[in-house]
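The values are calculated or read from the model by the stated rules, or taken from the named source; none is laboratory data. Predicted model only: the values in this text are computed from it and were never measured. Cβ atoms come from the backbone with ideal geometry, glycine included; neighbour counts cover every protein chain shown. Just the protein is used for accessible areas: all its heavy atoms, side chains included, with ligands, DNA and RNA removed. Shrake-Rupley method; radii C 1.70, N 1.55, O 1.52, S 1.80 Å.
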Amino acid sequence: MACKEIDKPKIEQAFRMILEAIGEDPDREGLRDTPKRVARMYEEIFSGLWCEPREFLQVSFSEFHDELVLVKDIPLYSMCEHHFLPFYGKAHVAYIPRGGKVIGISKLARVAEAYAKRPQLQERLTSQIADCIYETLNPHGVGVVIEAEHMCMTMRGIRKPGSITVTSALRGLFETRHQTREELLSLILNKR
Ligand SMILES: Nc1nc2c(ncn2[C@@H]2O[C@H](COP(=O)(O)OP(=O)(O)OP(=O)(O)O)[C@@H](O)[C@H]2O)c(=O)[nH]1
Ligand SMILES: [Zn+2]
């Protein structure tokens with residue numbers, strides 16, 4: 001997929017200034033290459049800004065299956081846009097195909113990852129994944145649940161390690177049909 005480049009020299013310059021501002025010596029041996037490393041890391045963890053997740057859903061297979069498909073426990077890492085600290089956990093992504101077409105299951109995880117690799121809010125991440133799948137595939141329904149721990153709530157601030165934030169975004173039958181929503185939630189909660 002074509003991704004534009006992020007401005008790594010600018011990140012290097014800015015990170016050097018941050019090191020100076022916290023009272024560090026950016027030229028000491030251990031830090032000399034750190035601005036470059038940070039720039040490469042940001043390129044990786046914010047690569048979703050330069051991608052169009054809808055492109056992952058362009059290829060489908062002919063298969064009649066108008067029942068729930070759930071990919072659960074997808075590991076997820078994102079960055080809180082307020083503090084630029086990670087939040088991480090699991091995403092559960094479900095849809096109900098329509099019209100005899102199914103999508104490759106890895107593509108559901110790819111969509112989740114593309115939106116996660118941006119400065120995010122957990123609520124927005126959850127609904128962006130749901131809307132992308134709902135609008136692109138036109139399925140009977142989409143359900144996305146994310147459980148995550150926010151480092152801005154664990155290593156700083158209120159400091160509550162272990163607290164998990166759960167968000168959901170339900171579209172179509174998952175939103176309107178009680179039984180379908182219950183089926184999704186029981187499959188997510190079923191720990192095998
Ligand atoms: N709704 C939502 N809030 C988030 C998310 N990530 C971080 N936050 C919250 O964003 C808020 C930012 O609040 P501010 O008062 O502006 O910042 P702060 O003084 O650093 O807040 P504290 O974390 O309470 O110390 C905090 O309450 C965070 O917990 C998220 O994904 N969704
Ligand atoms: Zn935060």
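When both residues are 6+ apart or on different chains and their Cβ atoms are under 6 Å apart, which pairs have a first residue that lies in the stretch 179-190 and is at pLDDT 95 or above, and a second that is small (Gly, Ala, Ser) and surrounded by 18 or more Cβ atoms within 10 Å (Cβ to Cβ)?
Partner pairs satisfying both residue conditions: Leu184/Ala94; Leu184/Gly143.
Using the structure shown, decide if Ile11 is surrounded by 14 or more Cβ atoms within 10 Å (Cβ to Cβ) and not in a strand (DSSP E or B).
Working: surrounded by 14 or more Cβ atoms within 10 Å (Cβ to Cβ): yes; not in a strand (DSSP E or B): yes.
For Ile11, the condition - surrounded by 14 or more Cβ atoms within 10 Å (Cβ to Cβ) and not in a strand (DSSP E or B) - is met.
Considering the stretch 48-81 alone, what residues qualify as being within 16 Å of ligand 2 (Cβ to nearest atom), among the hydroxyl-bearing types (Ser, Thr, Tyr) and either out of contact with any helix residue (DSSP H, G or I) (no Cβ under 6 Å at 6 or more places or on another chain) or open to solvent by 30 Å² or more (accessible area, probe 1.4 Å) (or both)?
Of everything in the stretch 48-81, just one residue is within 16 Å of ligand 2 (Cβ to nearest atom), among the hydroxyl-bearing types (Ser, Thr, Tyr) and either out of contact with any helix residue (DSSP H, G or I) (no Cβ under 6 Å at 6 or more places or on another chain) or open to solvent by 30 Å² or more (accessible area, probe 1.4 Å) (or both), namely Tyr77.
Being over 16 Å from the mean Cα position of the chain (by Cα) and assigned to a helix (DSSP H, G or I) narrows it down to one residue among Val38, Val102, Val111; which is it?
After ruling out the rest, the residue left standing is Val38.
Under the condition of being touching a helix residue (DSSP H, G or I) at 6+ places or on another chain (Cβ under 9 Å), within 14 Å of ligand 2 (Cβ to nearest atom) and assigned to a strand (DSSP E or B), which residue from the stretch 135-192 is least open to solvent (accessible area, probe 1.4 Å)?
Taking the candidates together, the pick is Ala148.
Output the number of the condition that Asp27 fails; it satisfies all remaining conditions of (1) surrounded by 12 or more Cβ atoms within 10 Å (Cβ to Cβ); (2) more than 16 Å from ligand 2 (Cβ to nearest atom); (3) part of a loop (DSSP other than H, G, I, E, B).
Against the list (1) surrounded by 12 or more Cβ atoms within 10 Å (Cβ to Cβ); (2) more than 16 Å from ligand 2 (Cβ to nearest atom); (3) part of a loop (DSSP other than H, G, I, E, B), Asp27 comes up short only on (1).
Provide a single number: the residues in the stretch 50-90 that are under 20 Å from Met151 (Cβ atoms), not small (Gly, Ala, Ser) and not in a loop (DSSP other than H, G, I, E, B).
Here the count works out to 10.
Considering only the stretch 82-114, state which residues are open to solvent by 10 Å² or more (accessible area, probe 1.4 Å), more than 21 Å from Pro161 (Cβ to Cβ), touching a strand residue (DSSP E or B) at 6+ places or on another chain (Cβ under 8 Å) and not β-branched (Val, Ile, Thr).
Hits for the stretch 82-114 are Gly100, Lys101, Gly104, Ala109, Glu113.
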